[in-house]
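Since every read-out is calculated from the coordinates, none of them should be taken as a lab result. Nothing here was measured: the structure is a model prediction, and the numbers come from that model. Neighbour counts are summed over all protein chains in view; Cβ atoms, including those assigned to glycine, are modelled from backbone coordinates with ideal geometry.
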Amino acid sequence: MPDTTKKKDEPEYLTGQLLVAMPQMEDRRFARSVVYICAHTEDGAMGLILNKLAEAIDFSDLLEQLNLPVATVSDKTRVHFGGPVETGRGFVLHSDDFTQDASLPIEKGVALTATVDILSAICEGNGPRNYLLALGYAGWAPGQLDTEIHANGWLIAPSDKDILFSSKIENKWYTALSNLGIDITMLSSDAGHA
């Protein structure tokens with residue numbers, strides 16, 4: 001039987017976890033953000049911001065630009081700002097009741113797809129039950145995310161499907177903190193260990 005226990009010197013990878021920005025986050029692109037980590041390896045990390053909307057584009061506009069028929073489902077679909085990297089590239093974070101060959105399973109119940117086909121399926125009513133459409137992503141070079149966490153820039157929280165797919169984006173940051181049992185008034189901006 002293989003040994004699956006974590007070795008003391010093995011890195012801790014955060015795929016499928018949430019990053020919750022500390023209140024003193026200075027980068028306005030990430031201030032009060034909740035980021036879902038889609039991939040984290042020794043080569044770096046990639047995630048999507050869950051609680052910021054893209055400016056100046058809605059779903060109907062995006063469908064028009066891609067020459068896809070505008071469907072009534074577009075009324076409830078909002079385009080999120082997934083992060084500052086490759087802001088012209090689209091990603092759909094979704095429930096795994098819909099997958100394609102190009103879909104990346106992230107954790108039980110959650111996958112990521114970055115093809116136009118998933119948008120067509122959503123428009124036709126054949127897409128995933130739950131989804132979040134984002135333009136751009138948040139990316140970190142090797143070791144960069146670990147450095148930001150150790151500098152007290154982020155809290156790590158377990159994944160929560162309600163946070164991932166909730167339409168109430170203004171509540172996601174507070175909900176993530178609350179799920180960690182954190183009272184925002186008690187957070188310190190000083191790094192350190194107890």
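Report the residues of segment 27-49 in range of a label on D96: point 7 Å along Cα→C-beta, backbone N strictly under 16 Å from it.
37-40
Among T175, T77, which comes first, second and so on when ranked by fewest other beta-carbon atoms within 10 Å?
T175, T77
Mind checking the full-extension length gain between D117 and Q24? Use 0.36 nm per residue of separation minus the Cα-Cα distance, one decimal, nm.
My answer for the length gained is 29.5 nm.
Just name one of Q144, I57, S167: the one whose Cα is farthest towards the positive end of the charge dipole of segment 17-186 (beta-carbon charges, Lys/Arg +1, Asp/Glu -1).
Result: S167, furthest along the dipole toward the positive end.
Once R0 is set to 25 Å, what does the formula 1/(1 + (r/R0)^6) return for the Cβ-Cβ distance between I184 and K161, expressed as a FRET efficiency to the nearest 0.05?
That gives a FRET efficiency of 0.65.
Only Lys, Arg, Asp and Glu count, each charged at its Cβ (+1, +1, -1, -1), so figure out the dipole size of segment 71-171 about its Cα centre, rounded to 20 debye.
Numbers: 7 positive and 13 negative charges, 41 e Å.
Rounded to the nearest 20 debye, it is 200 debye.
May I ask you to evaluate 6.51 cos²θ - 1.76 cosθ + 1.60, the Karplus curve with θ = phi - 60°, for each residue of segment 32-45 and list the ³J(HN,Hα) values in order in whole Hz, giving x for glycine and proline?
Along segment 32-45, the couplings run 6, 9, 10, 10, 8, 7, 7, 7, 8, 9, 5, 8, x, 9 Hz.
Hey, which of these cross-link pairs are over 19 Å Cα-Cα: K52/K76; K52/K108; K76/K108; K108/K172? Each step should come with its number before you reach the end.
Numbers: K52/K76 16 Å; K52/K108 25 Å; K76/K108 25 Å; K108/K172 21 Å.
Beyond 19 Å between Cα atoms: K52/K108; K76/K108; K108/K172.
Modelled label-to-label distance, T41 and V85, 7 Å Cα→beta-carbon offset: nm?
The answer from the label model is 1.3 nm.
Starting with the highest mean, order 164-174, 99-109 by the number of other Cβ atoms within 10 Å, averaged over the residues of each peptide.
Top of the packing list down: 164-174, 99-109.
With +1 on each Lys and Arg Cβ and -1 on each Asp and Glu Cβ, how big is the dipole of the chain about its Cα centre, in debye rounded to the nearest 20?
380
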